[in-house]
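A quick write-up on the structure given underneath.
The values are calculated or read from the model by the stated rules, or taken from the named source; none is laboratory data. Predicted model, so just to flag it, every value in this text is computed and none were measured. All Cβ positions, even for glycine, are placed from backbone atoms using ideal geometry, and neighbour counts span all protein chains on display. Calculation scope for accessible area: heavy atoms of the full protein, side chains included, ligands and nucleic acids excluded. Shrake-Rupley method; radii C 1.70, N 1.55, O 1.52, S 1.80 Å.
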Amino acid sequence: MPRLLVTGAGTGPAENLIRSLRAGDPSLRIGGCNDDRFALRASAADAKYLVPPIRHRDHPRALRSLVRREQIDLLIPTADADVKTVGRVRRSFGRRVFLPRMAVIELCQDKYALTMRLRARGVPVPVTYAVRRLADIPGLFRRLAPARQVWCRIRSGHGGRGALLVETPDQARHWIAYWEQMRNVPPAAFTLSEYLPGRDFSCQSLWRDGTLVLTKTFERLVPFDGTPGSSSVAALAKTVNEPRVADVCTAAVRAVDRRASGVYCFDVREDARGVPCVTEINAGRFGMSANLYDLVGRHNMALSYVRLALGEPANVQGEYEATEGYYMVRNLDMLAGIFHADEFVAGIEDARP
């Protein structure tokens, strides 16, 4: 019985991952760790471990000790900070981690640096400029013309942190000034890019030693807060068959690492011509909406990841699995529901006049 340890236990990404893993193999022994005892108490993990905060110098040592003592077979980070921390000390965990190379993790966690790398390698991305100071903003708007709307966002982080759709330099300037004054985020942490008005996709792929193993995609239909351009978390999403999206994400991975291993999760949007453009790669962790990849179709991606990490033979190679017609519905304080299109009317009485 493999023993797993999931970081961030009690948070959305970790609990969704635990749900997926249990659905794939109920025999798995899944432990969870967190520095927040309140979140940890709410976790569905089989065992719960309180660890030092991730920025504390004792955090890596506590993780190593926990992994050894509990005979953990695989440590799975669930947030960008965890991926970076574990990646930096991966040698001390031996074969108990399954992550991309550290240089790839760092590149992907800087959205601007990633965009520049992908553009240089011919992968479609939005036209993007780095902000150095507030005085740069009017000039950057002119360079982005004729785009009417501009995407202002922080070049690191997840979940649309600091992202806003703006139409004027003043709107961007005030937004960035707010983050500087109230959140201590400097203007140089921001980018401005063309807003991509087309369909909004998520893609996830598994790799081992440079070989693509499995890819799945879904389309975001409604963002979690209902505001376009401000969140990459979907309140309503559906599985789709979009080989163009899968292909551009495969090209993106090969542009950043020819020896890719682990999980890669992508945000992709269509430009005005309908061309899918990569806007983000989360290297080394699963997305918040991973259940839609794991609970439908032939392959549970989370379980496939565990098997790849443990060196088991892959039962699939290079497959794009497009299972259409499944929807995910999610809201605050609600377990994500996943339904086939044919099931939406089941149990619902139409009481409209």
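Calculate, in whole percent, how much of the Cα-Cα pair population of the stretch 283-340 lies beyond 15 Å. Walk me through the numbers on the way to the answer.
On the way: 949 of 1653 pairs.
For the stretch 283-340, the fraction of Cα-Cα distances above 15 Å is 57 percent.
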Long-range tail of P(r) for the stretch 48-118 (Cα pairs > 17 Å, %): 45
Nonlocal amide H pairs with V233, under 5 Å, H built at 1.01 Å: F224
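Within the set of other residues whose C-beta is less than 15 Å from the C-beta of V51, count the net charge using Lys and Arg as +1 and Asp and Glu as -1. Walk me through the numbers on the way to the answer.
Details: positive: R37, R41, K48, R55, R57, R61, R64, R68, R69; negative: D35, D36, D58, E70, D82.
Here the charged neighbours net out to +4.
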Between helix 243-256 and the chain: long-axis angle, C-alpha atoms, 0 to 90°, nearest 10: 80
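How large is the helix-only mean residue ellipticity at 222 nm for the chain, computed as the sum of -39500 (n - 2.57) over DSSP H runs with n ≥ 4, divided by its residue count, in deg cm²/dmol to the nearest 500?
Numbers: 11 runs with 105 residues, N = 353.
Calculated at 222 nm, the ellipticity per residue is -8500 deg cm²/dmol.
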HN-Hα J in Hz across the stretch 326-336 - Karplus 6.51, -1.76, 1.60, θ = phi - 60°, x for Gly and Pro: 9, 10, 10, 10, 9, 8, 4, 6, 9, 5, 4
Proximal lysines to K84, defined as alpha-carbon separation beneath 29 angstrom and excluding residues fewer than eight positions away on the same chain: K48, K111, K216
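Can you give me the % of accessible surface on the stretch 221-294 that is carbon or sulfur? Probe 1.4 Å, all protein chains present, nothing else counted. Intermediate results must be reported in sequence, preceding the final value.
Values: 1250 of 2380 Å².
The value for the stretch 221-294 is 53 percent carbon and sulfur by accessible area.
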³J(HN,Hα), Karplus 6.51/-1.76/1.60, whole Hz, each residue of the stretch 162-176, x for Gly, Pro: x, 8, 7, 8, 10, 10, 9, x, 5, 4, 5, 5, 5, 5, 5
3J(HN,Hα) from dihedral phi, the stretch 125-136, Karplus parametrisation 6.51/-1.76/1.60, rounded to Hz, x for glycine, proline: 9, x, 4, 9, 10, 7, 8, 9, 8, 4, 5, 6
Unpaired by the 4.7 Å Cβ criterion, cysteines found in the chain: C33, C108, C152, C265, C277
Helix 12-24 axis, angle to the chain major axis (alpha carbon atoms, nearest 10°): 50
DSSP-defined beta bridges in the chain - what % are antiparallel, rounded to 5: 75
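Using the Cα centre as the reference, give the magnitude of the dipole from point charges on the C-beta atoms of the chain (Lys, Arg: +1; Asp, Glu: -1; all else neutral), rounded to the nearest 20 debye. Show your work: numbers first, answer last.
Numbers: 50 positive and 38 negative charges, 344 e Å.
In total the dipole reaches around 1660 debye.
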Förster radius 41 Å - calculated FRET efficiency between D247 and A23 (Cβ-Cβ, nearest 0.05): 0.90
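If you add up the charges near T191, with Lys and Arg at +1 and Asp and Glu at -1, over every other residue whose beta carbon is less than 9 angstrom from its beta carbon, what do you get?
On the way: positive: K111, R153, R155; negative: none.
That works out to +3.
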Surface accessible to a 1.4 Å probe, per residue, for the residues of the chain, Å²: 47
Residue with peak Gaussian network fluctuation, the chain [Cα springs, cutoff 10 Å], from A252, A120, A130: A120
Isotropically averaged projected area of the chain, using the convex hull of Cα atoms (one quarter of hull area), nm²: 19.7
Share of carbon and sulfur in the accessible heavy-atom surface of the stretch 105-201 [1.4 Å probe, %]: 51
